[in-house]
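These notes concern the structure reproduced below.
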Amino acid sequence: MPASPVTTPEFDAPARSSGTDPRLDAIRAKALAGERLSLGDGMTLYETPDIWGVCELADAVRRQLHGDIAYYNINRHLNYTNVCALSCKFCEFYRKQGDEGAYTHDLESIATETRKAIESGATEMHIVGGLSPYLPWSYYPEMMRTIRRISDVAGSELNIKAFTAVEIVHLAKIAKKYKKPDRQAGIRWVLQELKEAGLGSLPGGGAEVFDDRVHDETHKSKIRSDEWLDVHLIAHELGLNTNATILYGHIDQRRERLVHMEILRRAQDRALARLGYEGDPSAFREPGIPATEDIDTSPITLTREGVEQPTPAMSARGGYFQTIIPLPFFPDGSELEHLYGPSGLENLRTLAIARLVLYNFPHVKAFWIMQTLAMAQHMLQCGADDIDGTVVWYDITKLGGTTTHQETTVLDLQRAIREAGFEPVERDTLYRRVERDGESWRVR
Ligand code: V47
């Protein structure tokens, strides 16, 4: 790895206690009134030494939305292959076919993992992998059907949250559907096929930072932001909920992160407008869950009232971004190993800013695997309302050189949330409350 000197051009001024920066007053007023923050506001939030003021504000907005509830889920992450045609500089996950440690799971081992997930009470399988040139298109819908069959037999409503936008475009290519001039038709075809086979939602990975400079320097052969957005917007049109990520703290600049958030905010505007929402976009509440999964065009009222019952507005209706997940860059083992990665304070600040700028996203997740459970507790106090789940296996980043077995228990998740001062609530993928009765569970 190149041992180039590390520069930290955006090194923070030391944090000071809250209330020290008068520039935050106007931003505070806007954020608490549910108004949209500007790029300039975002830069002020990044530059102010009053980081605790930023966190307190994000916490206030988060409490308007979710009160003192914080979510976790019981899930299982599954990486079906690490063989990847791409070689992104920030990634230590990918291998080339034949490399030591390269693997591809067959459908039988995926079936085994599904059974284990269901036995452990999981409500979600989170499935992503590399762009393998060796797997045929048929593998993917068959994977969905295999999981669905096992889950149906067990009477489980397991949500299959699978495939980043990058994989969806890859699948359209291997299915020979990704053709100019209408490449969106290929994306739509793939998503429809997968949805029919059992796909329940899309994770937020692969977004990185929506900036051509960063793209060309770190992940040149990956899809660009326009294609990533196409996949999510088409998924929304098909009634699938999706998440979004931002991978920060490598060669990106803070301004580029804010532009990324602005692009996501606009994409969410489109999704919500299509769903016919009206009112204050900074709160998401709906009395009861509609029985149908079809897209319902009746207006959705978003209101700040009743935050103690924060059932997200369109959860069962589908077709919007649920969650932003800020992902701090892990240098270890990647081609960018000479970089530091973001500091703890930069992580807190970026998460708090995501909460404030993405005012039309219902949820902000502090993914504990990448943040540590201890750090996720701080993040709950700085704008996050979700820490993800039990995970079990995770191969994309391995904190402190751990193995892929990165499991935590429900009790650990609940304890972490309680210690941070919140009431733990188990959710399913669509943020519906999960009720358990012995080994069975249902959503309400
Ligand atoms: O797409 C890759 C990122 C993502 C590194 O939707 C890295 O609920 C840090 O998207 N350092 C996968 N990040 C993870 C992801 C995710 C995780 C949890 C929940 C959800 C959700 C989504 O991890 C990749 C890529 O952007 N990544 N390498 C790295 N060295």
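What accessible area per residue comes out for segment 23-430, rounded to a whole number of Å², with a 1.4 Å probe?
36 Å²
Please work out whether segment 23-430 counts as rounded, prolate or oblate from its C-alpha gyration tensor, where a ≥ b ≥ c are the square roots of the eigenvalues and a/c under 1.5 means rounded, while otherwise a/b larger than b/c means prolate and anything else oblate?
rounded
Please give me the summed charge of the neighbours of SER201: other residues whose Cβ is under 9 Å from its Cβ, Lys and Arg +1, Asp and Glu -1.
Net charge in that neighbourhood comes out at 0.
Given Cα pairs under 8 Å that are at least 6 residues apart, what percent is the relative contact order of segment 23-430?
24 percent
Ranking request for peptides 84-93, 245-254, 24-33: highest mean number of other beta-carbon atoms within 10 Å first, then the rest in descending order.
My ranking of the peptides, most packed first, is 245-254, 84-93, 24-33.
If you add up the charges near ALA366, with Lys and Arg at +1 and Asp and Glu at -1, over every other residue whose beta carbon is less than 12 angstrom from its beta carbon, what do you get?
Here the count lands on 0.
Give the lysines whose C-alpha is closer than 20 Å to that of LYS96, dropping any in the same chain fewer than 8 places away, or say none.
Those lysines meeting the cut-off are LYS173, LYS220, LYS222, LYS398.
Between the DSSP loop rule and a limit of at most 14 other Cβ atoms within 10 Å, which trypsin sites (Lys or Arg not before Pro) in segment 214-248 are left?
Here the sparse-neighbourhood loop sites are LYS220.
The values are calculated or read from the model by the stated rules, or taken from the named source; none is laboratory data. On a predicted model such as this, the values are computed, not experimentally measured, just so you know. Here Cβ is always computed from backbone atoms with ideal geometry, including for glycine, and neighbour counts include all displayed protein chains. Surface areas here come from the heavy atoms of the whole protein model, side chains and all, with no ligands, DNA or RNA. Shrake-Rupley method; radii C 1.70, N 1.55, O 1.52, S 1.80 Å.
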